[in-house]
Amino acid sequence: MTAAMAMATATARLRAAGVADPARDARLLLAHAASVDASRITLIAPEEIAPEISERYEQLIALRAVRVPVSHLVGERAFYGRGFKVSSDVLDPRPETESLIEAALAEPFERVLDLGTGSGCILVTLLAEQAEARGIGVDLSEGACLQASANAVLHKVADRAEIAQSDWFAAVEGRYDLIVSNPPYLAKSEMADIAPELALHEPEMALTDGADGLSVYRLIAEQAQSYLTADGRVLAEIGWQQGADVKAIFEAAGWADVAILPDLDGRDRVLRAQNPA
């Protein structure tokens, strides 16, 4: 069987399983099975694929058909131009979170705190982009802390990044120029409608607070000022329909210059708030 035929068969199978972009996933997984760059797949399309590659590809497609994320199958997800190692212990880095990175890099900072660091994609990216900065990422999950530490090593920022297990601010000390977070913001009522890739293969504690989706914003609004420098700021990712509610929470807690920033699709995506001290 040629690579083109294998991809066509796989695409049909994934489409029948309800996968959103079956042709893309079929291509990426064949590239992984064949240990070639995805950009070379068109070059090998007319060629017969070796039996061992065909067997690996069949296994990968079978797993993708039951909605295991591609990133978990290949062990990596691209984010802000870098590849991050991922697992079922952490959320996949997502393109919309790059809006938070852009907002963070728009102003200088030397010390950054990442609350609920997960894969470490936010902290590691900020340190990689800001060569003089140092930071700490905290997460309640031990597995997430291990994953974040591995990504810090992978991207050569481990000497400037501390990863610690903590229930939000519980184990945090000191003051920071910037506090960032992508907290669990799905309401409990929304969980029944999420895609199988999320429901079955990503940690529930990173998706929802088990309540109205706003509890972590209340916690950050109440406590973060004690961990910021006088001119420090908070940036937090939000759900696209949460802008007004999150803005109101921070304004009620006395924060200055509270704003909701859009993502590349124009949807509300990032809270920005300044320490009023």
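Derivation of every value follows stated rules applied to the coordinates shown; laboratory data play no part. Keep in mind the model is a prediction, meaning the values are calculated, not measured. Quick reminder, even Gly has a Cβ in these numbers, built from the backbone with ideal geometry, and neighbours come from all protein chains shown.
For the chain, what is the per residue volume of the convex hull drawn over the alpha-carbon atoms, in cubic angstrom? Present the calculation step by step, with values, prior to reporting the outcome.
Working: hull volume 35.6 nm³, N = 277.
Spread over its residues, the Cα hull of the chain gives 128 Å³ apiece.
Which lysines, if any, have their Cα less than 24 Å from the Cα of residue 188, not counting same-chain residues under 8 positions apart?
Result set, ordered by chain and number: 247.
Give me the lysines in straight-line cross-link reach of residue 156: C-alpha distance below 30 Å, same-chain residues under 8 apart excluded.
Counting by Cα, and skipping residues close in sequence, residue 156 has these lysines nearby: 85.
Anyone know which of 65, 152, 171 comes out most mobile in the 10 Å Cα GNM of the chain?
Its mean-square fluctuation being the largest, the pick is 171.
Which value in Å is the Kirkwood Rh of the range 1-105 over different Cα pairs?
14.6
Based on DSSP loop calls and a cut-off of at most 15 other Cβ atoms within 10 Å, the longest stretch of the chain free of exposed GluC sites (Glu not before Pro) is what? Let's see the in-between values first.
Details: sites that count: 47, 110, 132, 173.
Longest site-free region, per DSSP loop and neighbour criteria: 174-277.
If the only charges are +1 at each Lys and Arg Cβ and -1 at each Asp and Glu Cβ, what is the size of the charge dipole of the range 94-188 around the Cα centre, to the nearest 20 debye?
160
Please state the charge dipole magnitude for the chain, taken about the Cα centre, from unit charges on C-beta atoms (+1 on K and R, -1 on D and E), reported in debye and rounded to the nearest 20.
So the dipole magnitude of the chain works out to roughly 480 debye.
Which distance in Å, rounded to a whole number, links the C-alpha centroids of the range 203-277 and the range 179-202?
A separation of 17 Å, based on Cα centres.
What does the highest-first list of 135-141, 239-245 look like by mean Cβ count within 10 Å?
Top of the packing list down: 135-141, 239-245.
Size of the dipole of the range 1-93 about the Cα centre, Lys and Arg at +1 and Asp and Glu at -1 on the beta carbon, nothing else charged, in debye to 20?
300
If one computes the Cα centroid of the range 79-132 and of the range 6-22, what distance in Å separates the two points?
Their Cα centres are 32 Å away from one another.
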